[in-house]
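Single-structure report; data block below.
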Amino acid sequence: MGIRHLMSPLDFSVEETEKLLDLAQDIEQHRDRYSHICDGKRIATLFYEPSTRTRLSFEAAMMNLGGKVLGFHSESSSSATKGESVADTIRIVSCYADIAAMRHPKEGAPLVASLKSGIPVINAGDGGHQHPTQTLTDMLTIRSLKGRLGNLRIGLCGDLKFGRTVHSLIESLSRYEGISFVLISPEELRVPSYVRNGMRAKGIPFEEVVRLDKDTMSGLDVLYMTRVQKERFFNEADYVRMKDFYILDREKMLVAPEDMIVLHPLPRVNEIAVDVDDDPRACYFRQAQYGVYARMALILTLLGIEVKK
Ligand code: NCD
């Protein structure tokens, strides 16, 4: 088989995704079994856009597996400032590392890189398009905390237009039975039409609403909050108008379902008040921890490494 990359969550079938999540769960439970499985392997993290969780969790994931890391964390510290293309960069990186994770402000840049790459390339977020490893993280979190990935009513709130994590999560969950979505956003920040058409084509029930209140939250199993993606706005005034559109605070949580978990890919800005953090339903910090296990499982899967039990 040729080199396997991850550009969109749909690159893995439902069966492959389940297998990867099972592996992540096994890693969570038996960390030491995996601590040397990638001895001598290297991951390159090629980040042309800022990141805390995604880059550091990829690096932590490889270190937890016994491997090493190299890379850059901003466009300005790479040869991109001299005009080098991602295609040339990945050719070079293929000589230095066994696998690469790339984040880029341009949609499709990791895909372009993967076409010229000698090693697996992981899309670690491309512009406002997709973020498949956040989706693996979200799926692992939901499956671990709710016990299932089907038969769920999921609310997604905030910037559904530019929020790439939302696009990937909708596409991935749309493959499960009994999924329905409540899409909560200002008019201007509704999901892109390709995402809406994808749900329609699969017959997934969804509603688009503007308000985040008791009615919209009623019956939700998961509320997935997102920040307004400041860096994707064309003008500051629009961002300022939108940025505090939703604030989930303790008062709103009083009228939310008792078994509704709150997720957020983070970073949060103002959309979740800090007074929600102590609520047992607030699971966004645990979600970040699941991200390490999901990425460890992904690295092993793409490198074709199996643990001997
Ligand atoms: C997200 C991203 O980069 O798209 N963050 C992350 O990877 N955890 C969400 C965001 O930046 O708002």
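For the reader, a short list of remarks on this structure follows.
- Charge dipole (debye, nearest 20) of the stretch 133-288; +1 at Cβ of Lys and Arg, -1 at Cβ of Asp and Glu: 600 debye
- Gain upon complete extension [D22, K214; 0.36 nm per residue less C-alpha separation]: 65.6 nm
- Cβ-derived FRET efficiency at R0 41 Å, N235 paired with R31, nearest 0.05: 0.30
- Ranked by how many other beta carbons lie within 10 Å on average, peptides 188-199, 53-64 from highest: 53-64, 188-199
- Charged-residue dipole, Cβ positions (Lys, Arg, Asp, Glu), the stretch 227-275 about Cα centre, Debye nearest 20: 220 debye
- For C283, C157, C95, the sequence from fewest to most other C-beta atoms within 10 Å is C95, C283, C157.
- Descending semi-axes in Å of the stretch 204-292, equivalent ellipsoid built from Cα gyration tensor: 22, 17, 14
- The convex hull drawn around the Cα atoms of the chain, when projected onto a plane and averaged over every direction, covers 15.9 nm².
- In the elastic network of the chain, a GNM with C-alpha springs shorter than 10 Å, the most mobile of D22, D238, D138 is D238.
- For the stretch 63-71, 3J(HN,Hα) per residue [Karplus equation, 6.51 cos²θ - 1.76 cosθ + 1.60, θ = phi - 60°, Hz, x = Gly/Pro]: 5, 4, 8, x, x, 10, 10, 8, x
- Here the residues E16, E177, E258, ranked from fewest to most Cβ neighbours within 10 Å of their Cβ, fall in the order E258, E177, E16.
- Calculated FRET efficiency, E75 to K116, Cβ-Cβ distance, R0 = 22 Å: about 0.75 to the nearest 0.05.
- On the principal axes of its alpha-carbon atoms, the stretch 133-288 has extents of 41, 38, 30 Å, going from largest to smallest.
- Model label zone, D244; criterion: amide N under 20 Å from point 7 Å along Cα-to-beta-carbon; scope the stretch 162-202: 185-189
- Alpha-carbon radius of gyration plus Dmax, which is the widest Cα pair, for the stretch 243-309 in Å: 16.6, 51
- Evaluated at q = 0.24 Å⁻¹: base-10 log I(q)/I(0), Debye formula over Cα of the stretch 1-105: -1.40
- Value of [θ]222 nm, deg cm²/dmol, for the chain, DSSP H segments ≥ 4, -39500 (n - 2.57) each, nearest 500: -11000 deg cm²/dmol
- Beta bridges by DSSP in the chain, antiparallel share as percent, to the nearest 5: 5 percent
- Put simply, the Cα atoms of the stretch 64-123 extend 34, 24, 20 Å along their principal axes, the longest span coming first.
- Residues of the stretch 108-136 with amide N under 18 Å of the 7 Å Cα→Cβ point at E84: 109-122
Every number here is computed from the coordinates shown, using simple stated rules; none is lab data. These numbers were taken from a predicted model, which means no experiment stands behind them. So basically every Cβ, Gly included, is an ideal-geometry build from the backbone, and we count neighbours across all protein chains shown.
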